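The values are calculated or read from the model by the stated rules, or taken from the named source; none is laboratory data. Because the structure is a prediction, the values reported are computed rather than measured. Heads up, the Cβs are rebuilt from the backbone with ideal geometry, glycines too, and the neighbour counts pull from every protein chain shown. The area values use the complete protein model at the heavy-atom level, side chains included, leaving out ligands, DNA and RNA. Shrake-Rupley method; radii C 1.70, N 1.55, O 1.52, S 1.80 Å.
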Amino acid sequence: MIDIKQIREDPERFKDAGRAKGFDVDIDRLLEVDSTLMSARKQLQEISTSKNRIGKSIPKLSGDEKQAALTQLSELKQQEAKHDEQIKKLQPEFDELMLEVAQPADDDVPLGKDDTENVEIRKEGDIRQFRFEPKDHVQLGQALDIIDIERGVKLAGTRNYLLKGDGALLHWALLRFAMDCMVRKGYVPMSVPLLMKDEAMSGTGYYPGAEEQTYRMEKDQLNLAGTAEVPLTACRMGEILKAEELPLKYVALSSCFRREAGAAGKDTYGLYRIHQFDKVEQVVVCENDAEQSRKFHDEILGNAEAVMRALELPYRVVNVCTGDLGRGQAKKFDIEAWMPSRGNYCETHSASKFYEFQARRMNLRYRRQKTEETRQKEKSKINFCHTLNNTVIASPRILIPLLELYQNADGSVTVPQVLRPYMNGKEQITKSSSRST
RNA sequence: GGAGCAGUGGCCGAGCGGCUUAAGGCGACGGUCUUGAAAACCGUUGUGCCGAAAGGCACCGGGGGUUCGAAUCCCUCCUGCUCCGCCA
C-alpha cells in the first residue's frame, strides 16, 4: 500500500507508475473520495467535540436547561448520522482503491511490456555442449524410473507428478542443501502454516489480484499459500518491532500450491509449470531505509547465486522490466537457469524488493532507538519496515536443468558433488540403482 | 465436537454506567545525587487521524446495539486457557 499523503502530493507519479506496470488505477477518483472522506471526518470530529462537551454538562443541569441540552444533542446526532452514512458508503471504495495503487518501480528498472523486455545483467557458468543426443528431463526421469507424471495425473489431474526413488531423494537433497546454506548464513529456519487467512494474502499483496491463482478453502475462508513468502513476511503482521531485532532474516521450506489459471496450454510439458512444488524461500525485514533495502536485495540475490554456483548450474540474472513486475515490487531480479530441453534460460528464482509496500498493508512497524534526531522529532519514532524475499531453491523445477545437464551418454545422471552427502554418498543415478541408495 | 472461564497500554493488573484525563506496579527513558555504578528521589513514557501550534477526535479482542453518556449493560463473532469426548 502507498501512503495516501504521497498520492495527494504527486498523483502523476502514481498514474505513470501504474501505467508502466500495467496496474492502472483511477487515481483521480481515489483523491476525490479521499477529500470527501476527509471533510466528513473533520465535521464528525467537530460534532463529537460538541457532543462530549454537552454530555459532560448534563449531570450538572436540571429542568429547562437540561431539556435544552438534550434537544441540542439529538440535533447533533442527526447531523452525525448523515456524515456517518457518507463515510460508510465511501470508505470501502477508498480502501479498495488504496489496495490497488501500485508501488512505483525504481529508476533503474527497464521500461517494458512483458518478460520479453527484461534486461540481462550477467551470465554465469558455461553451457554444456553434448557429444551425444541429450534426453530431456521427462525422458530421463522415465528411463531412470524417478519421475512418474502419468500416475501424478491419475491421482491429482493435469500438472501433477510423482517423484520416486532417487528422484525423491534428489529433490529432498536439493531442498536440504539449500536450507543448510541459509542456516549457515544466519537465517532463522522456520516451519510455517500454509493455510493462510485473507489478511496474510492481502498483507503480502497477493490479494486483491491473485484470487484466481490461489486454491481457496471456502468452507474455512483459508487460502493455500503459493509460497512461504506469505507466512514468513506476514508472521509479524500488526506488530511494532524493536529496532534491535532488525533485520529479521527468515528461511522456510514449504510446499507451494498454484492453480495456474490463465496458463492453460502454456508450458504443459514436463515439470516446468505444476500445481504443487516445494521451495526454500528467504525473507528479509529491515529498517525503512532505501540503502538498506538495496543492500539486502543484493544479499538475497547473492544467497541464491551461491546455491546455483555450488550446484554448478549455468544461469543468468535479469533485471525484470516494469511490465513484468508485481504491483508491490519496486525492483526484481530473476535468476534464470539454462534448460537444454527448452533451449533457453528460464526463471528459477525471483528476488523482490518492496520497500514498505507490504509492511504498510500488514501494519508491520518498528520503533527506532532514541537518537539525537528522533529526540528532536518525536513523531518519526515509529516507521514501517521494508521487506524483501527471494527463492533459495524451488524443486522440481530445478530438476529440469539439473537432470538434463548432469546426464551421461549411457542415460545415467551424475549427482552434483555438494548433494552427495545428502544422498548417502551416491555419485550416480542409474536405472538399476534408482530405487535404493 | 460438548462444558466452563477469560481477553484492558511494552508487560502485570485495577476498574463493573457520569469523580477515568484508564488507578497502581514492573520495565524503559531523562534528571538529581555519585569518582563511576547501584540504591533512593523527581519527572517522562500507548497507537492512529485532524491541526502551523494550542488543542481536538477515535481506540480497553472485532463488529453491532441500549443510553444524553459505555472499558463497564445487551447481542454477535474471533482468539486464548481449563475440563470432557474423539484422534494422527
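Some points to look at:
- Taken together, the criteria exclude A:Arg122 from residues that are touching a helix residue (DSSP H, G or I) at 6+ places or on another chain (Cβ under 8 Å) and either open to solvent by less than 90 Å² (accessible area, probe 1.4 Å) or in the same structural domain as A:Phe14 (by TED's automatic domain parsing) (or both).
- Which numbered condition A:Asp115 misses (of (1) within 15 Å of RNA strand B (Cβ to nearest atom); (2) in contact with an Asp or Glu (Cβ under 7 Å, 6 or more places away or on another chain); (3) not β-branched (Val, Ile, Thr)): (1)
Residue-by-condition table, conditions (1) at pLDDT 90 or above; (2) open to solvent by 50 Å² or more (accessible area, probe 1.4 Å); (3) under 23 Å from A:Pro401 (Cα atoms):
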site	(1), (2), (3)
A:Pro231	yes, no, no
A:Met237	no, yes, no
A:Tyr250	yes, no, no
A:Ser254	yes, no, yes
A:Asp267	yes, no, yes
A:Glu281	yes, no, yes
A:Asp289	yes, yes, no
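So that you can scan it fast, the table gives a plain yes or no per residue for (1) touching a Gly at 6+ places or on another chain (Cβ under 9 Å); (2) of a type in the set (Ser, Thr, Tyr); (3) in a helix (DSSP H, G or I):
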{"position": "A:Phe277", "(1), (2), (3)": "no, no, no"}
{"position": "A:Val283", "(1), (2), (3)": "no, no, no"}
{"position": "A:Ser293", "(1), (2), (3)": "no, yes, yes"}
{"position": "A:Gly302", "(1), (2), (3)": "no, no, yes"}
{"position": "A:Val307", "(1), (2), (3)": "no, no, yes"}
{"position": "A:Gln329", "(1), (2), (3)": "yes, no, no"}
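- For segment A:4-15, a tally of residues being within 8 Å of RNA strand B (Cβ to nearest atom) and not hydrophobic (A, V, I, L, M, F, W, C) returns 1.
- Residue in segment A:358-368 that is over 22 Å from the mean Cα position of the chain (by Cα), assigned by TED's automatic domain parsing to the domain that holds A:Pro134 and at pLDDT below 95 present: yes
- Scanning segment A:55-74 for residues that are more than 7 Å from RNA strand B (Cβ to nearest atom) and surrounded by 11 or more Cβ atoms within 10 Å (Cβ to Cβ) returns A:Ser57, A:Leu61, A:Glu65, A:Lys66, A:Gln67, A:Ala68, A:Ala69, A:Gln72.
- Residues being modelled with pLDDT under 90 and in contact with a strand residue (DSSP E or B) (Cβ under 6 Å, 6 or more places away or on another chain) - total across segment A:199-222: 2
- Taken over segment A:331-373, residues that are in contact (Cβ under 8 Å) with a residue 12 or more places away in the chain and assigned to a loop (DSSP other than H, G, I, E, B) amount to 7.
- The single residue among A:Phe357, A:Phe333, A:Phe296 that is under 29 Å from A:Glu100 (Cα atoms) and touching a helix residue (DSSP H, G or I) at 6+ places or on another chain (Cβ under 8 Å) turns out to be A:Phe333.
- Of all residues in segment A:164-191 being over 27 Å from the mean Cα position of the chain (by Cα) and open to solvent by 20 Å² or more (accessible area, probe 1.4 Å), the one that is nearest to A:Glu312 (Cα to Cα): A:Leu169
- Some residue of segment A:69-76 being under 36 Å from the mean Cα position of the chain (by Cα) and aliphatic (A, V, I, L, M): no
- Among the residues of segment A:16-45, those identified as more than 7 Å from RNA strand B (Cβ to nearest atom) and free of Cβ contacts under 8 Å to residues at least 12 places away in the same chain are A:Arg19, A:Asp24, A:Glu32, A:Ser35, A:Ser39.
- Where a residue in segment A:75-92 is assigned by TED's automatic domain parsing to the domain that holds A:Ser35 and its partner, wherever it lies, is among the basic types (Lys, Arg), with Cβ under 6 Å and at least six apart: A:Leu76/A:Lys51
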